[in-house]
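Below is one structure; the comments refer to it alone.
The values are calculated or read from the model by the stated rules, or taken from the named source; none is laboratory data. Quick caveat, the model's predicted, so the values are computed rather than measured. Because the Cβ atoms are built from the backbone with ideal geometry, glycine has one as well, and the counts that use them run over all protein chains shown.
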Amino acid sequence: MDKVILIASSNQGKIREISALLSPYGFKIKTLKDFPEIPPPEETGKSFFENALLKAKYYTEKTGLASLADDSGLEVDALDGAPGIYSARFAGENATDEDNNKKLLELLKDVPEEKRTARFVCVMVLYHPSGKYLVAEGVWEGKIATSPRGTHGFGYDPLFLVKELEYKKTSAELLPEEKNRLSHRAKALKELVQKIPEFWKEL
């Protein structure tokens, strides 16, 4: 059986990260660019898991390929876990990363440093045409900075101070290979990748 995985995302930042993490395992990677005729599904899930499963299953049904979808977002404690599953559209339906970051800073403007704790969460689902699927989750702890820093990454990276680095650097100040070692997506994918050989063998 060909080891082909469709990365069910059109976010170039995500695709780069996932491809880099999958490349050592000999999978042939396809992306949504290879299937421009397929409209995106409506993300109606109430959790990261529900949305990831919904997307992975949808693209497997449309393409006949094993599809890897993730749903990820930022949970800020001072905002009761928001933006959560609405991270990409926090400032509105067609919000840019800059719009979302601006809104987040505005909402946290009176919150002191010690209460700006947050985490990135990523749930990943690999859905196979047989109907079997794998699930993995990664969590990356941090705090929200008071202003953006760094030029790498995407989304909330310029505001996310990394706990492992004692909050001295934002995610956007990390080189891609460093982020790929620490991030929520890296953790979820690492867990998933460990399960893939056994999963693939049993199909």
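Structure above, values below:
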read-out: For residue 96: the one exception among (1) out of contact with any Leu (no Cβ under 7 Å at 6 or more places or on another chain); (2) among the β-branched types (Val, Ile, Thr); (3) surrounded by 14 or more Cβ atoms within 10 Å (Cβ to Cβ); value: (3)
read-out: When residues of segment 168-178 are limited to those that are outside any helix (DSSP H, G or I) and surrounded by fewer than 17 Cβ atoms within 10 Å (Cβ to Cβ), the one nearest to the chain's Cα centre (by Cα); value: 175
read-out: Filtered residues of segment 89-131 (kept if under 21 Å from residue 168 (Cα atoms), part of a loop (DSSP other than H, G, I, E, B), touching a residue at least 24 places away in the same chain (Cβ under 8 Å) and not charged (D, E, K, R)); value: 108, 111
read-out: Some residue of segment 75-85 being touching a residue at least 60 places away in the same chain (Cβ under 8 Å), among the acidic types (Asp, Glu), assigned to a strand (DSSP E or B) and on the phi < 0 side of the Ramachandran plot; value: no
read-out: Given (1) in contact with a Lys or Arg (Cβ under 9 Å, 6 or more places away or on another chain); (2) free of Cβ contacts under 8 Å to residues at least 40 places away in the same chain, number of the condition residue 67 does not satisfy; value: (2)
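The rows are residues; the columns are (1) out of contact with any strand residue (DSSP E or B) (no Cβ under 9 Å at 6 or more places or on another chain); (2) at pLDDT 95 or above; (3) among the aliphatic types (A, V, I, L, M).
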position: 70; (1), (2), (3): no, no, no
position: 84; (1), (2), (3): no, yes, no
position: 88; (1), (2), (3): no, no, yes
position: 93; (1), (2), (3): yes, no, no
position: 99; (1), (2), (3): yes, yes, no
